[in-house]
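Asks: A single structure is presented below for examination.
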Amino acid sequence: MRRKFLATITALIGLAGLVFACSPFVISLQPNAKAKANSDYEIGSVNLNKLEAGKPLITEIAGWPLIVLRPTEKQIESISELNDHVANPEIESYVKQHDLYVYWGVGKKGSYYCLAKHHSKAHPVAPNSKWKGGYATLPCDISYDYSGRAIKSHEYSYYGLGGDFENMKTPKKIAIADNVLRVMR
């Protein structure tokens with residue numbers, strides 16, 4: 001009985017030692033922080049089957065709102081009409097092969113970040129506004145067109161305020177396959 005007990009204890013201690021000895025090797029197989037930062041791994045995905053033309057699809061990815069829009073002809077016209085009234089007329093958010101705009105739904109004013117909310121053309125806050133529809137951030141008072149560009153002309157903004165602000169940022173890398181948009185880090 002004692003011999004069987006000692007054999008069992010020895011086997012268990014040997015097994016624990018084997019696990020302890022192999023653990024550094026197993027841990028070394030995991031990528032380090034630098035390798036993770038440089039790699040293209042997916043941080044979220046969006047099913048584009050839910051996307052309707054003209055209606056922005058706003059979803060949360062990695063704690064940030066992502067806006068995906070398949071524009072209508074009227075929205076495309078409003079984007080081109082606002083070229084002279086935006087702070088930076090370059091459009092970085094357009095994915096031509098899929099006819100989509102993709103950008104993070106967050107505006108930045110100084111060191112503050114503000115969530116953008118969709119506002120249609122119907123009801124701007126500012127009287128006599130030539131608002132064409134898009135997004136606005138209440139705390140930051142920044143208006144954006146449907147391509148995510150910041151509107152600098154006060155008469156075209158949602159709140160009647162303008163300024164030289166940054167456009168909404170786009171994800172660094174995206175991939176679209178099988179009607180699913182994948183956002184990579």
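The values are calculated or read from the model by the stated rules, or taken from the named source; none is laboratory data. Treat the numbers as computed from the prediction; the structure is a model and nothing was measured. Neighbour counts are summed over all protein chains in view; Cβ atoms, including those assigned to glycine, are modelled from backbone coordinates with ideal geometry.
Asks: I'd like the full set of residues that are over 22 Å from residue 59 (Cβ atoms) and crowded, with 18+ Cβ neighbours inside 10 Å, limited to region 113-128. Break it down stepwise before answering.
Replies: Looking only at region 113-128, we keep the residues that are over 22 Å from residue 59 (Cβ atoms), and these are 121-128.
Residue satisfying the conditions is 124 alone.
Asks: What's the total number of residues in region 114-130 that are assigned to a loop (DSSP other than H, G, I, E, B) and modelled with pLDDT of 90 or more? Reasoning before the result, please.
Replies: Within region 114-130, the subset assigned to a loop (DSSP other than H, G, I, E, B) is 116, 120-130.
Of the ones still in play, those that are also modelled with pLDDT of 90 or more are 116.
Residues that pass the stated criteria total 1.
Asks: Oh, and also: Output yes when any residue across region 32-52 is more than 16 Å from the chain's Cα centre (by Cα) and either within 26 Å of residue 129 (Cα to Cα) or of a type in the set (Val, Ile, Thr) (or both), and no when none is.
Replies: Taking every residue of region 32-52 in turn, none turns out to be more than 16 Å from the chain's Cα centre (by Cα) and either within 26 Å of residue 129 (Cα to Cα) or of a type in the set (Val, Ile, Thr) (or both).
Asks: Those residues that are at pLDDT 90 or above and either among the polar types (S, T, N, Q) or surrounded by fewer than 19 Cβ atoms within 10 Å (Cβ to Cβ) (or both), I need them from region 138-154; list them, please. Explain how you work it out, then say what you get.
Replies: The initial filter retains those residues of region 138-154 that are at pLDDT 90 or above, namely 142-153.
Those that are at pLDDT 90 or above and either among the polar types (S, T, N, Q) or surrounded by fewer than 19 Cβ atoms within 10 Å (Cβ to Cβ) (or both): 143, 147, 153.
Asks: One residue is enough: does region 90-104 have a residue meeting the conditions under 20 Å from residue 164 (Cα atoms) and touching a Leu at 6+ places or on another chain (Cβ under 7 Å)? Break it down into steps so the answer makes sense when it comes.
Replies: To start, the set of residues in region 90-104 that are under 20 Å from residue 164 (Cα atoms) comprises 90-93, 103-104.
With touching a Leu at 6+ places or on another chain (Cβ under 7 Å) added as a condition, the list becomes 104.
For region 90-104, residues under 20 Å from residue 164 (Cα atoms) and touching a Leu at 6+ places or on another chain (Cβ under 7 Å): present.
Here is a yes/no grid of residues against (1) touching a Cys at 6+ places or on another chain (Cβ under 8 Å); (2) within 20 Å of residue 89 (Cα to Cα); (3) hydroxyl-bearing (Ser, Thr, Tyr); (4) assigned by TED's automatic domain parsing to the domain that holds residue 62:
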{"residue": "128", "(1), (2), (3), (4)": "no, no, no, yes"}
{"residue": "136", "(1), (2), (3), (4)": "no, yes, no, yes"}
{"residue": "139", "(1), (2), (3), (4)": "yes, no, no, yes"}
{"residue": "147", "(1), (2), (3), (4)": "no, yes, yes, yes"}
{"residue": "151", "(1), (2), (3), (4)": "no, yes, no, yes"}
{"residue": "154", "(1), (2), (3), (4)": "no, yes, no, yes"}
{"residue": "169", "(1), (2), (3), (4)": "no, yes, no, yes"}
{"residue": "176", "(1), (2), (3), (4)": "no, no, no, yes"}
{"residue": "180", "(1), (2), (3), (4)": "no, no, no, yes"}
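Asks: For region 99-112, name all the residues that are touching a residue at least 24 places away in the same chain (Cβ under 8 Å) and either over 17 Å from residue 176 (Cα atoms) or surrounded by 18 or more Cβ atoms within 10 Å (Cβ to Cβ) (or both).
Replies: Taking region 99-112 first, the residues touching a residue at least 24 places away in the same chain (Cβ under 8 Å) are 99-109, 112.
Answer for region 99-112, where residues must be touching a residue at least 24 places away in the same chain (Cβ under 8 Å) and either over 17 Å from residue 176 (Cα atoms) or surrounded by 18 or more Cβ atoms within 10 Å (Cβ to Cβ) (or both): 100, 101, 102, 103, 104, 105, 106, 107, 108, 109, 112.
Asks: Another question, if that's okay. Considering only residues that are touching a Ser or Thr at 6+ places or on another chain (Cβ under 6 Å) and not small (Gly, Ala, Ser), look in region 103-145 and name the one that is nearest to residue 72 (Cα to Cα).
Replies: Start the filter on region 103-145 by keeping residues that are touching a Ser or Thr at 6+ places or on another chain (Cβ under 6 Å), which leaves 103, 107, 114, 116, 132-133, 136, 143.
Among the residues that remain, those that are also not small (Gly, Ala, Ser) are: 103, 114, 132.
Numbers: 103: 17, 114: 26, 132: 13 Å.
Only one residue fits best here, namely 132.
Asks: Can you find a residue in region 157-174 that is in a strand (DSSP E or B) and surrounded by fewer than 22 Cβ atoms within 10 Å (Cβ to Cβ)? Steps first, please.
Replies: Here is the first cut: in region 157-174, the residues in a strand (DSSP E or B) are 173-174.
Narrowing further to those that are surrounded by fewer than 22 Cβ atoms within 10 Å (Cβ to Cβ): 173-174.
Taking every residue of region 157-174 in turn, at least one turns out to be in a strand (DSSP E or B) and surrounded by fewer than 22 Cβ atoms within 10 Å (Cβ to Cβ).
Asks: Shifting gears a bit: Regarding region 132-155, can at least one residue be identified that is closer than 26 Å to residue 42 by Cα and of a type in the set (Ser, Thr, Tyr)?
Replies: yes
Asks: Regarding residue 89, is this residue in the same structural domain as residue 148 (by TED's automatic domain parsing) and touching a helix residue (DSSP H, G or I) at 6+ places or on another chain (Cβ under 8 Å)?
Replies: Working: in the same structural domain as residue 148 (by TED's automatic domain parsing): yes; touching a helix residue (DSSP H, G or I) at 6+ places or on another chain (Cβ under 8 Å): yes.
It is true that residue 89 is in the same structural domain as residue 148 (by TED's automatic domain parsing) and touching a helix residue (DSSP H, G or I) at 6+ places or on another chain (Cβ under 8 Å).
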